[in-house]
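Quick notes on the structure that follows.
The values are calculated or read from the model by the stated rules, or taken from the named source; none is laboratory data. Just so you know, these numbers come straight off a predicted model, no measurement behind them. As a convention, Cβ positions derive from the backbone with ideal geometry for all residues, glycine included, and neighbour counts pool all protein chains shown.
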Ligand SMILES: CC(C)(COP(=O)(O)OP(=O)(O)OC[C@H]1O[C@@H](n2cnc3c(N)ncnc32)[C@H](O)[C@@H]1OP(=O)(O)O)[C@@H](O)C(=O)NCCC(=O)NCCS
């Protein structure tokens, strides 16, 4: 079966830069704490009138143009977000009309920070099977709308930024390799380590949401920072070795490692744990913070544009997110 390939990438990053000093106006924290514990110096926040599907649409337009295609050549859209336009239906349904693609199938996935790799894996299988020719995978997040500056929320709030990244997957050009492997994992026993409990049907009562959910902070992210940090480092490090073994490669043969941009300290710990040369690890978390699923496609697009992930390069993507979910994708660009 011929390979699939990433034919184009695109991003949307809102122009408004929010520094740690701006974050200090939103909650009790310090620039020193944020830099020392997370490495983040700046992030982008979009205008509140915008939604995840607006950011996604801009990234999709640019990815399709980068692939040298027109939008009407897209056969399927896969969207991942933890900040959908509305509770339901899925965010892809709000994105689709903005792309002028009514009628084609759309799939919403909810794989948190591993959304790009899960999306690429689904796209790869559809393209190799010949079911769809061009699949648009898009990850978009409006995390500025999920900032809770309370004592219990600030450990994650300091990390969060907005943005979107998209990739077009299609058949690899003659003789080229493209997506070499995608390896997916999940372990729901960690689901409560980073969770937004309400609204939901799992609250042991009749109401989907109550005023008390809002007052108690159950509608916000709650993170066991240490559990997320330790599992993130361990699972992304394992994912590096698993992908190398599955493809019969050594670390030296990889041109660029692009991990999910969770937190600079996590990326440093992954470098230490794997022995991966730090100069071959793509890092932009200082500039954009953690944009959940959008971090990885934005980093991939930047690595391409800066010439680190050039045609023919071997690029290894690894991601980890709440769930827990983790995954790798090995790409020949
Ligand atoms: C966020 C992180 C830096 C917090 O560090 P931590 O040591 O786990 O934080 P804790 O929540 O246990 O709090 C430790 C102390 O720091 C304080 N603290 C937490 N967030 C703070 C903030 N934003 N500003 C100032 N102090 C803060 C806490 O109040 C606590 O102080 P106390 O001991 O006096 O009560 C760290 O857990 C981390 O990086 N985790 C991974 C996060 C991540 O990447 N998540 C995304 C995954 S995709």
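Apart from one condition, residue 284 fits all of (1) without any contact (Cβ under 8 Å) to a residue 24 or more places away in the chain; (2) within 16 Å of the ligand (Cβ to nearest atom); (3) out of contact with any helix residue (DSSP H, G or I) (no Cβ under 6 Å at 6 or more places or on another chain); the exception is (3). Any idea how many residues of the range 74-84 are in contact with a helix residue (DSSP H, G or I) (Cβ under 8 Å, 6 or more places away or on another chain) and under 21 Å from residue 125 (Cβ atoms)? The qualifying residues number 6. Of all residues in the range 13-48, those being touching a residue at least 40 places away in the same chain (Cβ under 8 Å), within 14 Å of the ligand (Cβ to nearest atom) and not in a strand (DSSP E or B) number 12.
Taking the condition away from the ligand (no atom under 14 Å from the Cβ), under 20 Å from residue 183 (Cβ atoms), touching a residue at least 24 places away in the same chain (Cβ under 8 Å) and within 18 Å of the chain's Cα centre (by Cα), does residue 243 pass? Judged against the criteria, residue 243 is not a match. Does the range 191-199 contain at least one residue that is touching a residue at least 40 places away in the same chain (Cβ under 8 Å), within 16 Å of the ligand (Cβ to nearest atom) and either under 25 Å from residue 282 (Cβ atoms) or out of contact with any strand residue (DSSP E or B) (no Cβ under 8 Å at 6 or more places or on another chain) (or both)? Yes, that holds for at least one residue.
Farther than 19 Å from residue 5 by Cβ and surrounded by fewer than 18 Cβ atoms within 10 Å (Cβ to Cβ) - does that describe any residue in the range 291-301?
Start the filter on the range 291-301 by keeping residues that are farther than 19 Å from residue 5 by Cβ, which leaves 291-295, 298.
Subsequent filtering for residues that are surrounded by fewer than 18 Cβ atoms within 10 Å (Cβ to Cβ) retains none.
Taking every residue of the range 291-301 in turn, none turns out to be farther than 19 Å from residue 5 by Cβ and surrounded by fewer than 18 Cβ atoms within 10 Å (Cβ to Cβ).
When the range 265-278 is limited to residues that are more than 9 Å from the ligand (Cβ to nearest atom) and buried (at least 17 other Cβ atoms within 10 Å of the Cβ), the one that is nearest to the chain's Cα centre (by Cα) turns out to be 267.
Looking only at the range 217-237, residues that are within 15 Å of residue 320 (Cα to Cα), touching a helix residue (DSSP H, G or I) at 6+ places or on another chain (Cβ under 9 Å) and crowded, with 17+ Cβ neighbours inside 10 Å come to 8 in all. Quick check: is even one residue across the range 50-65 within 16 Å of the ligand (Cβ to nearest atom), out of contact with any helix residue (DSSP H, G or I) (no Cβ under 7 Å at 6 or more places or on another chain), in a helix (DSSP H, G or I) and modelled with pLDDT of 95 or more? Within the range 50-65, none of the residues are within 16 Å of the ligand (Cβ to nearest atom), out of contact with any helix residue (DSSP H, G or I) (no Cβ under 7 Å at 6 or more places or on another chain), in a helix (DSSP H, G or I) and modelled with pLDDT of 95 or more.
Looking only at the range 165-190, how many residues end up being without any contact (Cβ under 8 Å) to a residue 24 or more places away in the chain and surrounded by 15 or more Cβ atoms within 10 Å (Cβ to Cβ)? So the count comes out to 0. Among what's in the range 200-227 and is in contact (Cβ under 8 Å) with a residue 24 or more places away in the chain and part of a helix (DSSP H, G or I), pick the residue that is farthest from residue 158 (Cα to Cα). Here the answer is 227.
Conditions (1) over 18 Å from residue 83 (Cα atoms); (2) more than 14 Å from the ligand (Cβ to nearest atom); (3) out of contact with any helix residue (DSSP H, G or I) (no Cβ under 6 Å at 6 or more places or on another chain), marked per residue:
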| residue | (1), (2), (3) |
| --- | --- |
| 124 | yes, yes, yes |
| 136 | yes, yes, no |
| 147 | no, no, no |
| 202 | yes, yes, yes |
| 215 | yes, yes, yes |
